[in-house]
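The values are calculated or read from the model by the stated rules, or taken from the named source; none is laboratory data. Note that the structure is predicted; figures quoted are calculated from it, not measured. Note: ideal-geometry Cβ built from the backbone for every residue, glycine included; neighbour counts use all protein chains shown.
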Amino acid sequence: MAIKTAGIRSSKSSELKIENQSSIALPKDAEANIRKIVSSLPIEHMSGLEKIRLVDFISDPRLKSAGVAAKGALPGLYHPKMQGKAAWLEVSMGALLQPTEPFAKRWMAKTSFKSNLAGLVFSLVGQHYYLTFRHSVKKQNLEPQIRQYAEKNLRVWSEKQAETSRRAKLFKPLRPYMERWAKWLNKKAANAQKKA
């Protein structure tokens, strides 16, 4: 007798809960944007994640011994699965929106909020994916792998966001030249750093 459940998805909801514990006023549709960002990732990469908690500033007792510079310096933190509790993500709205800074910095933070949030969520999910499912990656190789994962997903997400924008249509033909120029500048900076 064949198994009837083969290929059928489980009825368990794989959607992440979003807990807003932040007293900082969020930009319009912030939670909807988080859902769109998370929906652009493969479901398998988020298996085992329970929630995303939005807080004013991250205050974790482990950070005191780690030597984080100042309050609000850490934009996000991944909490791995521990003692029966599922893994979850903590995102600092104070670090992303910078409510204590002067007007110009607050305005810049608010205008780049969506892309900064996407990059942060991709990075935290990348940490979860590589620490939970990719056991073949050595500890010293984790950071570059996570950075590459976040950059790849951010590039795909931003291209999807820019499909309808005029700015993207205008700059798309120039993109290869700009990437080549950026690569040249990075190479030049690396050479200058080696000489110094």
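Structure notes:
- The numbered conditions (1) modelled with pLDDT under 90; (2) within 19 Å of the chain's Cα centre (by Cα) are all true for Leu54 except (1).
- Note on region 21-39: among residues that are of a type in the set (S, T, N, Q) and crowded, with 16+ Cβ neighbours inside 10 Å, the one that is farthest from Phe133 (Cα to Cα) is Ser22.
- Subset of region 132-153 (residues that are touching a residue at least 40 places away in the same chain (Cβ under 8 Å) and under 15 Å from the mean Cα position of the chain (by Cα)): Asn153
- Subset of region 114-162 [hydrophobic (A, V, I, L, M, F, W, C) and surrounded by fewer than 14 Cβ atoms within 10 Å (Cβ to Cβ)]: Phe133, Val156
- Within region 68-87, the set of residues being under 13 Å from the mean Cα position of the chain (by Cα) and at pLDDT 90 or above comprises Pro75, Gly76, Leu77, Tyr78.
- Within region 165-181, being within 22 Å of Lys114 (Cβ to Cβ) and under 23 Å from the mean Cα position of the chain (by Cα) holds for Ser165, Ala168.
- Subset of region 90-108 [touching a residue at least 24 places away in the same chain (Cβ under 8 Å) and among the hydrophobic types (A, V, I, L, M, F, W, C)]: Val91, Met93, Ala95, Leu96, Leu97
- Condition met for Phe122 (at pLDDT below 90, among the aromatic types (Phe, Trp, Tyr) and under 21 Å from Met46 (Cβ atoms)): no
For (1) farther than 21 Å from Asn116 by Cα; (2) of a type in the set (D, E, K, R), each residue gets a yes or a no:
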residue	(1), (2)
His128	no, no
Gln140	yes, no
Leu154	no, no
Lys160	no, yes
Glu163	no, yes
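- Restricting Met93, Met82 to those that are closer than 17 Å to Glu19 by Cα and hydrophobic (A, V, I, L, M, F, W, C) reduces the list to Met93.
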